[in-house]
Amino acid sequence: MATTQRAPGGARVHVQKFGTFLSNMVMPNIGAFIAWGLITALFIEKGWLNWGGSGGLAPDSWVAEIGGWGDFAGGGIVGPMITYLLPLLIGYTGGKMTYEASPARGGVVGAIATMGVIAGTDIPMFMGAMIMGPLGGWSIRRVDALWDGKIKPGFEMLVNNFAAGIWGGILATFGFFVMSPIVKWVADRLSDGIDFLVSNNLLPFTSIIIEPAKVLFLNNALNHGVLTPLGTNEAVENGKSVLFLLEANPAAGLGLLLAISVFGKGMAKASAPGAVIIHFFGGIHEIYFPYVLMKPKLILAMIAGGMTQIFINVVFSSGLRAPAAPGSIIAVLAQTPGGSVVGVLLSVVGGATVTFLVAALILKTDRSEDAEDELVSATARMEALKGKASSVSGALLGSATVAASGPIRSIVFACDAGMGSSAMGASVLRKKVEAAGFNDVTVVNQAISNLSDTYDLVVTHRDLTDRAKQRTGSAVHVSVDNFMDSPRYDEIVELLERTNTDGSHAAASVSAGGAAPAPQGGTATGALLDAESVVLDPATESRDLAITRAGELLVAAGAVDPSYVEAMHARESSVSTYMGNLLAIPHGTNEAKSAIRRSAISFVRYSDGIEWNGKPVKFVIGIAGQGDDHLALLRRIAEVFVDKEQVARLEAARTTGEVLEVLGVVQPA
C-alpha cells in the first residue's frame, strides 16, 4: 500500500479537477455513445449492412428507415440519438452531480436547460450540455435554498414542481438565445483548429501535450472534455473521427511495457509483462504511468510513439465511429469502420514499435541500479497525482512494503480537535485491526496540536495531512476523505500484514486516546445523550442551519456555552465533519474546549436528507467532549454506522427511545 498525500496545489490540480468533472459527465454515458456508434455502423448508408454503400439497398428499405437516409432522410434513429439523447444524458448527469442532496431534481433541471442549447444550434451540443447541465443543477439548488424551511406543510410538492419547471424554462430560454450561439462559435473555432492541424500535417504534434498529460492524470480534461465532443461532431459528418484515437490508442503504452519487459530491471521488469495484459486488453492505461514516473525521460518514447500512431492514422485517413472506452484494443477495433481497419492496426503496430525502440535505447543507456525502489516511489507519486489509491497499483507492487521502514506498532488518527472525527475513524480502524489479529498495534486519536513524532502511522483527513506531517515527519501518513468507510483502512491492514511479520501479535490494550470501554448499560455514558437532545425529522435545511440546530441542542442541555456553536461553524469551515454513511458529526475547534461545561451528544435525523459539502447526510450528531468520557459513546456510534442494518434501524426509528436503543445508550432512571 502506498500512502496518499494531498496533491500539490496549483494549476495542474485545478485542471485535473476540472477534467475529472467533465469526464464524470461523459463516462457514465459511454454505453449510450457505444450504442449510437454500433447503430451508426450498421444502418447508415455507408454502414456494414449496406456494405459500405456498395450493397445497393433500396432507399425505402428498413435499413434506410433506421439509418435515416434515402426516402427517410432526416428521420431514423441515428440523427435523434446524437442530436437529443446523448447531449440530454450528459446534461442530466451534470445536473445530478451538482445537486447531490436531490440528484434527480438537479438532473431534470439540467436536462431542461440543455434542451435550450440543443434547439438553438444545428450541431450535436455536447459542450453546451457540459455547461447547461451543471448550471441547471447548481442554480436550482440555490433557488431551493431561498425558501428552504419556509414552505407551509402540504405545499412542498406544489412549490418544488413549479420552481423546477419555471426555473428550467428560464434556463432553456437563456440557453436557446444566449448560450447556443456562444458555444457554436467556440465549437467552430476548435474545429477550425483541428482542421488546421490536419491540413498542415501537424496533428501528430498533439502528442507533445497528450502523453505528458496522461501520466499527470490530465487526460480526462483533454479526452472527454474536448476530443470526445469534437470527435463526435466530426463522426456525424464523416462517419468517423481520428480524434477518438489521439488519447485512447494503446500503441505507445504497449511499446513501453514491452521494452521494460525486455530491458528493464528488478521489480519493473518482473511486473511489466502482467501490466501489458492489463493495459492492452483491459484498456487501463494508468498501469504504465508509474513506469514513466520512475524514469521521466521515458516520456520521450511515449511522445515518439504517440506521434507515430497519429501520423499513420492521418496518412490512412482512419478513425473510429465513437469513443473507445476503455482504451482497450478490443474497444478500439469494435468502433473501427471497415475502411479504417488497416490504418488502425498499422497505427498500433507502428506506434508500439517506435515507443519500444526509443524506450529500449533509454533503458539500455541508463545506469541506475535501484529500479525496484524507483517503481515503488513512482507508484506512490502516481497515487498522489491522482489524489487516491490506484486500483491497479497492487499489480505493480505485489508484496513490496511501501513507505514503511519497519513494523507498525502505533497508529494515530488526528483531527483538529481530537474529539470527534478522529475518534470515530480510530474506532472503525481499530475494529479492523483487531479482527485481523494485530492486538499489539495500538490505534489512538489525538488533536493535531498534541501530536508528537512517536507514531508509526498517522491517519488524517486529506485537508490536514500537511499539518500532521510537520509534527510527525518520520511516520507513514495516510490521507482519507471519509472516516467511516474509507477503502484506505483495508489497505492499512494489508500494510500491517506485510510489515508486522514477526507473528507475535501479543495482546495489548487498544485505546482511543484514553477512551473508556463501550457502553455497558451504565448511566454515566447514557447521560451524554439526553432524550431532549434527540430530534427526528425536522424540515430539510442547509448544512449551516443543521450545525446550528445540533449546537443549540447542546446549549439547551447545559453542556456548552452559546459561543461553542460558533466554534462548530469555524471547525466546519476549515475541515469538513462529513464522516460517510449518511453521517456528519459537527463539533467545535480545539480552542473552544473552554466553552464545554460537560460532555454531551445531540442527535438530529433528516429523513429526506440534506446536502453536506456536496455529500448526502441524514444523521447529524453534535459533539461536545470534555476529557475522554464521551469517546465510549463515539465508539458505539462508529460501530452502528458501519453496520447497514443498524443504520436502517435508525432511518426507520419513530421514537426517541428507538434511537437510544440502537445507540446502546441506557438513560439514567
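The values are calculated or read from the model by the stated rules, or taken from the named source; none is laboratory data. No experiment lies behind these values; they were computed from the predicted model shown. Because the Cβ atoms are built from the backbone with ideal geometry, glycine has one as well, and the counts that use them run over all protein chains shown. Surface accessibility is based on the protein's heavy atoms, side chains included, excluding ligands, DNA and RNA. Shrake-Rupley method; radii C 1.70, N 1.55, O 1.52, S 1.80 Å.
The condition of being closer than 24 Å to Gln626 by Cα and either assigned to a loop (DSSP other than H, G, I, E, B) or without any contact (Cβ under 8 Å) to a residue 12 or more places away in the chain (or both) holds for only one of Ser474, Ser452, Ser422, Ser427, that being Ser452. Where helices (runs of 4 or more DSSP H) fall wholly inside segment 1-115, the ranges with 1 or more residues that are aliphatic (A, V, I, L, M) and at pLDDT below 85 are 11-26, 30-43. A residue that is modelled with pLDDT under 90, open to solvent by 20 Å² or more (accessible area, probe 1.4 Å) and closer than 22 Å to Pro103 by Cβ can be found somewhere in segment 616-629. For segment 46-67, the set of residues classified as surrounded by fewer than 19 Cβ atoms within 10 Å (Cβ to Cβ) and either of a type in the set (Lys, Arg) or within 22 Å of Gly319 (Cβ to Cβ) (or both) consists of Trp48, Leu49, Trp51, Gly52, Gly53, Ser54, Gly55, listed by residue number.
Each row is one residue, and each column tells you yes or no for (1) surrounded by fewer than 16 Cβ atoms within 10 Å (Cβ to Cβ); (2) farther than 30 Å from Pro487 by Cα.
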site: Ser533; (1), (2): no, yes
site: Asp544; (1), (2): yes, no
site: Ala550; (1), (2): no, no
site: Val555; (1), (2): no, yes
site: Arg571; (1), (2): no, no
site: Asn581; (1), (2): no, no
site: Arg598; (1), (2): no, yes
site: Val604; (1), (2): no, no
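Within segment 72-83, identify whether any single residue is in contact (Cβ under 8 Å) with a residue 60 or more places away in the chain and under 19 Å from Arg321 (Cα atoms), and answer yes or no. For segment 72-83, residues in contact (Cβ under 8 Å) with a residue 60 or more places away in the chain and under 19 Å from Arg321 (Cα atoms): present. For Gly128, the criteria (1) in contact with a Ser or Thr (Cβ under 7 Å, 6 or more places away or on another chain); (2) open to solvent by 20 Å² or more (accessible area, probe 1.4 Å); (3) more than 27 Å from Ala546 (Cβ to Cβ) hold in every case but one, which is (2).
Listed here are the residues, each with its yes/no results for (1) part of a helix (DSSP H, G or I); (2) in contact (Cβ under 8 Å) with a residue 12 or more places away in the chain; (3) under 16 Å from Lys240 (Cα atoms); (4) open to solvent by less than 50 Å² (accessible area, probe 1.4 Å).
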{"site": "Lys269", "(1), (2), (3), (4)": "yes, yes, no, no"}
{"site": "Gly274", "(1), (2), (3), (4)": "yes, yes, no, yes"}
{"site": "His279", "(1), (2), (3), (4)": "yes, yes, no, yes"}
{"site": "Gly343", "(1), (2), (3), (4)": "yes, yes, yes, yes"}
{"site": "Ala352", "(1), (2), (3), (4)": "yes, yes, no, yes"}
{"site": "Ala360", "(1), (2), (3), (4)": "yes, yes, no, yes"}
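Please go through segment 315-326 and give me each residue that is buried (at least 24 other Cβ atoms within 10 Å of the Cβ) and over 27 Å from Ser54 (Cβ atoms), ordered by number. Passing the criteria: only Pro323. Of the candidates Ile287, Ile303, Ile329, Ile312, the single residue that is free of Cβ contacts under 8 Å to residues at least 60 places away in the same chain and surrounded by 19 or more Cβ atoms within 10 Å (Cβ to Cβ) is Ile312.
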